Each structure stands twice: as structure tokens, then as C-alpha cells.
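Structure first, commentary second.
The values are calculated or read from the model by the stated rules, or taken from the named source; none is laboratory data. Note that the coordinates shown come from a computational prediction; the quantities given were computed from them, not determined experimentally. Counting neighbours? That spans all protein chains shown, and the Cβs are built from the backbone with ideal geometry, glycine included. Protein only, heavy atoms only, side chains kept; ligands, DNA and RNA dropped before computing areas. Shrake-Rupley method; radii C 1.70, N 1.55, O 1.52, S 1.80 Å.
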Amino acid sequence: MRALLSKILPAFGVIIFILILGTVGFMYAAHEPVDPMDAFFMTAITITTIGYGEVIPLENNPFGRVFAIFIAFSGIGTFTYIATSLSAFFLEGHIQEEFIRRRTLRMINNLSEHYIICGLGRVGIRIADELDRAGHQFVFIESDEEIYHKYRRSYKHAYGIVGDCTLDDTLNSAGIKDASGIFICTNDDNLNLVTTLSARQLNEELRIVSANKSPSFKSKLLSVGANEVVSPHSIGGRRMAMEMIRPNITTFLDIVRRDKTDMFRLEEIKIPSNYSGKTLESLKIHEMPSTLVLAIREGHEWYFKPALEQTFSPISVLLVMTNEEEKAYIDERLSIV
């Protein structure tokens with residue numbers, strides 16, 4: 001926009017100068033007194049090539065006609081420059097946006113195991129920040145073009161599209177069939193409900209986490225396919241209470257959750273099927289000085305501080321506190337058949 005203004009503002013200045021010059025010139029070029037408005041009108045129709053005829057008679061007035069020719073060429077050239085600049089700006093902008101849109105859709109088609117965020121409101125932006133910080137690829141869907149343009153280049157691992165997240169075409173454009181999960185966090189519970197239903201129909205294996213404002217919508221969201229329903233207001237209230245009652249615990253959890261230290265962090269490790277039937281002891285985690293096993297999840301069942309004899313199943317998920325080096329060792333052990 002600044003480049004456009006730098007081009008056309010001087011041209012508008014030239015047009016104003018030509019209008020003033022033409023008005024004064026036609027007043028003095030006429031053989032008889034001329035009303036300033038007539039002189040201005042004569043200048044305007046000359047430089048815009050409207051051609052209503054000579055409002056000011058210029059018969060037998062060579063100087064007046066030469067002056068009219070000068071005004072015509074000057075004004076027409078300037079008007080042409082302004083029109084060309086404006087047309088090029090809007091045309092190039094449209095072409096560029098279409099190119100970006102097509103390129104984005106091509107890149108999204110190549111994604112797999114990514115995440116989708118529906119709505120970049122206060123909650124959606126927080127989710128996007130966390131995913132980008134953790135290095136996860138994601139696609140955000142936003143119906144407001146202004147918000148889309150604002151955050152389109154804000155994330156290293158994100159792709160954005162403009163659209164209605166309740167529509168199947170929009171969700172398909174975001175790669176929902178190859179996604180790992182979707183965050184549905186618009187500011188309207190009804191939109192969240194419809195989007196949850198659409199997402200579940202398009203991908204039965206998709207993990208869906210939906211936000212809700214009204215408590216009455218939680219059961220509805222769960223019934224149409226949401227895996228988890230989160231109330232940001234409820235969580236915010238509990239967090240504020242914890243900050244007052246148990247501030248050290250909340251600080252500790254923040255440090256671990258946000259990876260602010262290289263010494264330890266919370267990790268969630270899915271046990272592969274080839275380890276089904278084996279014990280926790282077989283991973284030799286108990287021999288690692290910086291790793292602490294917190295729990296094992298078996299579907300809806302939780303085993304906190306599990307014994308070394310605890311066996312794994314095909315749905316086991318291991319929760320540990322560890323560092324990067326020992327996490328890599330655990331992953332290496334699990335990859336061995």
C-alpha cells in the first residue's frame with residue numbers, strides 16, 4: 001500500500017495542479033469574461049475526455065486551442081497513469097493471493113499426522129503458540145480474513161486457510177483425513193457442535209478436543225464425537241485458585257510443561273504393539289538416573305507409580321519425567337523388536 005501511495009499521490013498532486021492551471025488559463029485565454037466555474041468545468045471535461053463540446057468558445061483563438069491541447073495531453077496522461085497504477089495494484093494483489101492460496105493447499109495436501117485449529121480467537125492463538133513452540137505442524141481455519149492475514153506468517157510450522165470450519169469442503173482442504181487431531185475453539189458453542197459432528201463423520205479415528213462456554217453443551221459435544229471437552233473459563237478459574245493456594249505446585253508444573261529446563265520434562269510415550277506383554281522392567285528405565293515413571297495409562301485405567309512387574313498392553317501409554325538424552329534412549333529401546 002505504501003508503494004502504491006508513493007506512486008499515485010504525486011500524480012494526484014499533478015492533477016490538482018492541472019485543474020488549477022486549466023481554470024486560470026481558460027479564464028485568461030477567452031476573449032470575454034468567463035465564470036470560474038465554467039473554466040473549471042472546461043478543464044475537467046478536457047482532461048477526462050468527456051467531450052461535451054467547448055463550454056468556453058475558442059473559435060478564432062489559436063492560443064486558447066493550443067492551451068486546451070496542452071491541458072488535454074497533460075491531464076489524460078496523468079489520469080492514465082493513475083488508472084494503470086491502481087489496476088496493476090489490485091490485479092497483482094489478487095493474483096498473488098490466489099497463488100499463495102493454491103500453494104498453501106498443495107503443501108497441506110502433503111501433510112500427515114498434523115493438527116487443525118478451528119478459530120484463532122483467544123483460545124486458538126494459545127493453542128497455536130504451544131504447537132508452534134513444540135514444533136508440531138498444524139493448519140488453522142479462520143473465517144475472518146483480517147485475522148487470517150494477521151497470523152498467516154506468525155508461525156513457523158503453520159498453514160492457514162480462510163473458510164467456514166463447519167463445512168466439509170473446508171475441513172477437507174485442511175487435510176482432516178490425514179490429521180492426528182483437531183482443536184475446535186470458536187466463540188460459538190453451536191459452531192463447535194456442528195464442526196465436531198462434521199469432523200467426526202470425515203475421520204472416525206481423529207482425536208477431537210472442543211472448547212465450550214456453556215456447561216450444557218459438554219454432553220452434546222461428547223455425544224457427537226468429541227474426545228474431550230474443555231471449558232477455558234473453568235480452567236482459568238481453577239488455575240487462579242491454585243496460584244493462590246498452591247503457587248509452588250503451579251510454578252513447578254509450568255516449568256515442566258513448557259520445557260523451560262533441559263534437565264527434565266514431562267513426556268508421553270505410546271508403547272508399540274511389539275512390547276505388548278513385556279514388563280516395565282524390560283525397558284530398564286529404573287536404571288536411568290534422570291527418568292521417573294509417573295504412570296501408565298490403559299484406556300480409562302490409570303496406574304500411578306507402577307511396579308516394575310507391570311506389563312504393557314497394545315494400548316499402553318507411558319508417562320515419564322525425563323530429559324532429552326534419556327527420552328531418546330527409551331525411544332531406541334521401544335524400536336527394537
Qualifying position, being part of a helix (DSSP H, G or I), within 24 Å of Ser223 (Cα to Cα) and open to solvent by 60 Å² or more (accessible area, probe 1.4 Å), among Asp169, Asp164: Asp169
Within the range 173-187, can one find any residue that is touching a Pro at 6+ places or on another chain (Cβ under 9 Å) and either in a loop (DSSP other than H, G, I, E, B) or more than 27 Å from Phe99 (Cβ to Cβ) (or both)? yes
Restricting attention to the range 289-305, does a residue exist that is touching a Phe, Trp or Tyr at 6+ places or on another chain (Cβ under 6 Å) and either farther than 24 Å from Leu253 by Cβ or among the polar types (S, T, N, Q) (or both)? no
Out of the range 24-41, which residues are open to solvent by less than 30 Å² (accessible area, probe 1.4 Å) and under 21 Å from Ile82 (Cα atoms)? none
Test Ile255 against the stated conditions and say whether it is open to solvent by 60 Å² or more (accessible area, probe 1.4 Å), closer than 30 Å to Lys213 by Cα and not aromatic (Phe, Trp, Tyr). yes
Of the candidates Pro272, Pro247, Pro215, the one satisfying the condition of being in contact with a helix residue (DSSP H, G or I) (Cβ under 6 Å, 6 or more places away or on another chain) and open to solvent by 30 Å² or more (accessible area, probe 1.4 Å) is Pro272
Candidates Ile235, Ile245, Ile249 - the one that is modelled with pLDDT of 85 or more and of a type in the set (Val, Ile, Thr): Ile245
Can you list the strands (runs of 3 or more DSSP E) found entirely within the range 195-308 that contain at least 1 residues being free of Cβ contacts under 8 Å to residues at least 12 places away in the same chain and more than 30 Å from the chain's Cα centre (by Cα)? 301-304
